[in-house]
Amino acid sequence: MTTRYALIGSGHRAQMYLDAIAGPHADVAELVALIDVNPSRREFHRDRVPTFAGVRLGGPEELEVIVEQEQVDRVIVTSVDRLHAEHVVRSLDAGADVVVEKPLTIDAESAQSIQAAIDRTGRSVVVTFNYRYSPRNTALKQVVASGEIGEVVSATFEWVLDTQHGADYFRRWHRDKTSSGGLFVHKAAHHFDLVNWWLDDVPTRVYARGGLRFYGADAARERGREELPARGTHDGSHDPFELDLRSDERLEALYLRAEEHDGYLRDRSVFDAGISIEDNLTAIVDYARGAVLTYALNAHSPWEGYRVALNGTAGRAELEVVERAEVIARDEDGRAHVDPSAVAVTGEDSGVRERGERLVVQTHFGPAREVEIVTGEGGHGGGDALLLRDVFVGPDEDPLGRASDHLDGMRAIAVGISGNASLAGGAPVDVAATMGVPLEERDPQPEAALR
């Protein structure tokens, strides 16, 4: 028996789920509806997959009707972040379970509405965190779980986004904090989830600093940088910070040809006015059992990757990942691959920094050793395929606990939402008080009492 799915929000992030339904998990999943405010985007996905030819198309206002009439079992939410809570709550109330892309939502009020809907309906919400399944991150989790470095008492985590991937958040809707929650929520939810998962702990207090220091009109003007055209899709020469949607067939189809329906511009200048998110962020995060995280995010680095160090009572584990050693305008296939973690980047590194990953563990009074990282095929080192199997087939017994639910989603956004509150107020913020939702496991209630 197959599970009947509807998907709402058919932009870039939708394809991973739709391809899984049409391909490796077609035996257990069936797409019955594509929902989007923009008819061009929903038609693009319907037309590119032959088995989707008969799916129902509709707008977000039809969500409840579609769930009822098409007997939808689960709704996949891949819409704009600010709409996640609305679409999750409406799906639950309509009688469907939910799979939602990270972040679960962008602020405390909408998080509370999701929790209330879960309590009211007793239905499930799965938040997808594919970074947990990436072999390098799994390897670090195995080291911590083994007890080799003892109890983790402190962590440092630095993530750098380069001037191709990082810049892209400042071209599109993510640049508006009311739509995305800023990088503290939209991007760092991945990172905070990893730390929560590695430590198997709950964040309790956040102190954050940050600002828009590189992108935006003011920062560019202070550096004496020339203004760019209002959008990157134009004839003639291009600045390295511009994105011409005509350079990628998918981007052209999903966005450039779809503009006539909703007016959304995917290729705006990263140096114009009106950007309300930060491009440099730092945070100190306290955890319930006493560990402290020092976190930093930079969105205009010349290379992309991350460094993690976990200090334990018996030793230390260090993970360094270089996803892109330097920014090149185009890859060997002629496409501008924005996110190097999702798609393998070809071409040779030309400097001393080389792409790769290394996990080193060293216990007290002993030599350092390198832990082998076994990667798979596909996005995020094969992690995407593992995640999608858990989503569509169901998780097997996993001692590492990679499958995530709404509570994991709440804990991940709790750090970013509290970070935004700390940025606004200039003082440390209590996470539980800020969120107003449970972040600890609760005693299970009888199903009858929940419905």
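For Arg120, the solvent-accessible surface with a 1.4 Å probe is about 120 Å², rounded to the nearest 10.
A protection proxy built from the mean count of other Cβ atoms within 10 Å ranks the segments 384-393, 56-65, most packed first, as 384-393, 56-65.
Determine the gain in length on full extension of the stretch Asn280-Glu68; use 0.36 nm per residue of separation and subtract their C-alpha separation, reporting nm with one decimal.
On the way: separation 212, 0.36 × 212 = 76.32 nm, distance 4.48 nm.
Residue separation times 0.36 nm, minus the Cα-Cα distance, leaves 71.8 nm.
At the residue level, Thr294 shows approximately 70 square angstrom of accessible surface with a 1.4 angstrom probe and all protein chains present.
Taking all protein chains together and a probe of 1.4 Å, list Arg46, Arg411 from the most accessible to the least accessible.
Working: Arg46 65, Arg411 35 Å².
Correct descending sequence by accessible area is Arg46, Arg411.
By the rule of a C-alpha distance below 19 Å, with chain neighbours fewer than 8 residues away ignored, the lysines paired with Lys187 are Lys102, Lys177. Taking the 1.4 Å solvent-accessible surface of the chain as the whole, the part contributed by carbon and sulfur is 49%. With the whole protein complex present, Thr156 retains an accessible surface near 70 Å², based on a 1.4 Å probe. In the stretch 118-201 the Cα-Cα distances spread across 10 Å bins starting at 0 as 13, 35, 31, 18, 2 percent of all pairs. Annotation for Arg250 and Glu222: the two label points, set 7 Å from Cα along the Cα-Cβ direction, are 3.6 nm apart.
Counting only heavy atoms of the protein chains, get the accessible area per residue of the chain (1.4 Å probe) and round it to a whole Å² value.
Values: 19160 Å² over 451 residues.
Result: 42 Å² of accessible area for each residue.
Summary of the geometry: the stretch 1-52 and the stretch 136-204, compared by the centres of their Cα atoms, lie 28 Å apart.
Given a 1.4 Å probe and heavy atoms of the protein chains only, how would you sort Trp198, Trp303, largest accessible area at the top? Provide the component values of the computation, followed by the final result.
Values: Trp198 5, Trp303 25 Å².
Solvent-accessible surface, decreasing: Trp303, Trp198.
Quick one: in the stretch 140-292, what % of C-alpha pairs are over 25 Å apart? Roughly 44 percent, rounded to a whole number.
So what is the relative contact order of the chain, in percent, for Cα pairs below 8 Å that sit 6 or more residues apart? Please list the in-between numbers first.
Numbers: 940 pairs, mean separation 94.9, N = 451.
Over the chain, the number comes to 21 percent.
Rg and Dmax over the alpha-carbon atoms of the chain stand at 21.7, 66 Å.
Once you order the gyration tensor axes a ≥ b ≥ c over the Cα atoms, which shape class does the stretch 351-432 get: rounded for a/c under 1.5, otherwise prolate or oblate by comparing a/b with b/c?
Working: a/c = 1.88, a/b = 1.22, b/c = 1.55.
Because a/c hits 1.5 or more and a/b fails to exceed b/c, the stretch 351-432 counts as oblate.
Taking every Cα-Cα distance in the stretch 48-114 and sorting them into 5 Å bins from zero, the calculated P(r) comes out as 3, 17, 27, 23, 17, 9, 3, 2, 0 percent. Of the residues Lys177, Lys141, the one with the largest accessible area comes first in the ranking Lys177, Lys141, computed with a 1.4 Å probe on protein heavy atoms.
The values are calculated or read from the model by the stated rules, or taken from the named source; none is laboratory data. What you see is a predicted model; the values in this text were computed from it and never measured. All Cβ positions, glycine included, derive from the backbone under ideal geometry; neighbour counts span all protein chains shown. Accessible surface is based on the protein model in full, side chains and every heavy atom, while ligands, DNA and RNA are left aside. Shrake-Rupley method; radii C 1.70, N 1.55, O 1.52, S 1.80 Å.
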